[in-house]
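Have a look at the structure below, then the notes.
The values are calculated or read from the model by the stated rules, or taken from the named source; none is laboratory data. It should be emphasised that the depicted structure is a prediction, and the values quoted were computed from it without experimental measurement. Don't worry about glycine lacking a Cβ; one is built from the backbone with ideal geometry, like all the others, and counts go over all protein chains shown.
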Amino acid sequence: MRREPTGEVRVPIDAGSLHYAVGPVIAAVMVAVIALFLRWAFDSGRSGGSNRDKSATDGLLTPVATVTRRESALALRAVLSDAGIRSTLRQPAPHRTDVLVFSEDAERARELALSFRGS
C-alpha cells in the first residue's frame, strides 16, 4: 500500500494476478449448481422420451386415428363432432396428426374413423 500526499491510500494492482477472475468464476459455479439443483428438483422421473408409455401421456384420451395431413384430421374431427363425440388433435411429429377422444367414445369414434375417407 502506498499513501499519496493527499492522504489517499492506493493499492497497486498486480497485472500478473488473476484475482479479477475470482468473482466471475464463483458466479459461474453458483449458476451451474443452481441449474443442476433445479434440474433435479423438477425432473419428471422419466428416463427417456422415446421409451415412455403413450397411455400415461394421453391421460383420459384415447387415440382413434393417425393421419398425415392436418386437414384430414380436422375433417375427421368435424365428422366426430357431428356424431356428438368430443375430440382433440395432437401433432407428435411433422406430417403426423393424432385424433384423440375420451375412452367412453373410443369404440364409436373408431367405427366412424374407419368409414371416414379424408381428402
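Within the range 80-111, the residues that satisfy the criterion of being among the basic types (Lys, Arg) and assigned to a strand (DSSP E or B) are 90, 96. Checked against (1) at pLDDT below 90; (2) touching a helix residue (DSSP H, G or I) at 6+ places or on another chain (Cβ under 7 Å), residue 83 passes all but a single condition, namely (1).
Scanning the range 32-58 for residues that are surrounded by fewer than 10 Cβ atoms within 10 Å (Cβ to Cβ) and modelled with pLDDT of 80 or more yields 39, 40, 41, 42, 43.
Which of the residues spanning the range 81-105 are under 16 Å from residue 62 (Cβ atoms) and more than 29 Å from the chain's Cα centre (by Cα)?
83
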